[in-house]
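The values are calculated or read from the model by the stated rules, or taken from the named source; none is laboratory data. Please read these numbers as outputs of a predicted model, since none were measured by experiment. Cβ coordinates were reconstructed from backbone atoms using ideal geometry, including for glycine residues, and neighbour counts include every protein chain displayed.
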Amino acid sequence: MILRRIWVFLLYLLLTGIFLTAVGAAILYIQIEPQLPSIDALREVQLQEPLRVYSRDRQLLAEFGEKRRTPVTIDDVPPLLVNAFLAAEDDTFFSHSGVDFPGLASAAVELVRTGEKRRGGSTITMQVARNYFLSTEKTYLRKLTEILLAFRIERSLTKDEILELYFNKIYLGQRAYGVQAAARAYYGQYISDLSVARMA
């Protein structure tokens, strides 16, 4: 009898916790949702490119600007490079709707357990939301905003459009923003000319 009362009490605590979490999330959603930026801005985004000076025979002489960037379309990105990024960053990209909750929960549990952030729980869609709309500050409110934006992005854009935005904005070191700029910075090649080893 006592054991049953304990189980009933624990169940009551669990259900109360779930209810309060849902109410809190609903209140936050009601406060944040009206302030979210329009996803339509992503369809017309103009990426900052450096000033390039070419010779008469179209050889690049100089590049001026703090960021290296050469925008590409998703059709320009070799499938092998797409697969390499998906394997490393978001292997459930084509099956989730913006957020990989098991991956997010696993990253959170690991952070609590070890105190270290060894891997992120952000999907590619969440990274697009962060890179185009949000700051890099690490707060729970920013993460919640990122999640809400990811859902909006997934409802408004195709997976290929999301990947194209990602491949043009991701920072890959050497002042290179986007995969084309990174291929040029590291290997002096265009992504279409990269070997299999360099894509991996």
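Looking at 91, 75, just one residue is charged (D, E, K, R) and at pLDDT below 95, and that residue is 91. Tell me, which residue of the range 35-72 that is touching an Asp or Glu at 6+ places or on another chain (Cβ under 6 Å) and either closer than 27 Å to residue 150 by Cβ or assigned to a strand (DSSP E or B) (or both) is modelled with the highest pLDDT? That would be 69.
Restricting to the range 1-30, give me the number of residues that are closer than 30 Å to residue 158 by Cβ and surrounded by 10 or more Cβ atoms within 10 Å (Cβ to Cβ).
From the range 1-30, those closer than 30 Å to residue 158 by Cβ are 25-26, 28-30; that's our starting set.
Now narrow it down to the ones that are surrounded by 10 or more Cβ atoms within 10 Å (Cβ to Cβ): 25-26, 28-29.
So the count comes out to 4.
Of the residues making up the range 98-115, just one is outside any helix (DSSP H, G or I) and within 16 Å of residue 140 (Cβ to Cβ), namely 99.
Can you tell me which of 18, 32 is part of a helix (DSSP H, G or I), without any contact (Cβ under 8 Å) to a residue 12 or more places away in the chain and of a type outside the set (Phe, Trp, Tyr)? Talk me through it step by step, then tell me what you get.
Numbers: 32 fails: without any contact (Cβ under 8 Å) to a residue 12 or more places away in the chain.
One residue alone meets the criteria, 18.
Looking only at the range 148-168, residues that are closer than 22 Å to residue 81 by Cα and at pLDDT below 95 come to 0 in all. Scanning the range 49-96 for residues that are more than 28 Å from residue 197 (Cβ to Cβ), over 19 Å from the mean Cα position of the chain (by Cα) and exposed (fewer than 14 other Cβ atoms within 10 Å of the Cβ) yields a count of 13.
Is there a residue in the range 150-173 that is in contact with a Phe, Trp or Tyr (Cβ under 6 Å, 6 or more places away or on another chain) and among the aromatic types (Phe, Trp, Tyr)? Yes.
Residue pairs whose Cβ atoms lie under 6 Å apart, separated by 6 or more positions or on different chains, with the first residue in the range 45-68 and among the aromatic types (Phe, Trp, Tyr) and the second loosely packed, with under 10 Cβ neighbours inside 10 Å and not in a loop (DSSP other than H, G, I, E, B), are 64/51.
So, in the range 136-186, of the ones that are of a type in the set (Lys, Arg) and farther than 23 Å from residue 199 by Cβ, which residue ends up surrounded by the fewest Cβ atoms within 10 Å (Cβ to Cβ)?
Looking only at the range 136-186, we keep the residues that are of a type in the set (Lys, Arg), and these are 138, 142-143, 152, 155, 159, 169, 175, 184.
Next, from what is left, pick out any that are farther than 23 Å from residue 199 by Cβ: 138, 142-143, 152, 155.
Numbers: 138: 8, 142: 14, 143: 18, 152: 18, 155: 10.
If we take residues in the range 136-186 being of a type in the set (Lys, Arg) and farther than 23 Å from residue 199 by Cβ, then 138 is surrounded by the fewest Cβ atoms within 10 Å (Cβ to Cβ).
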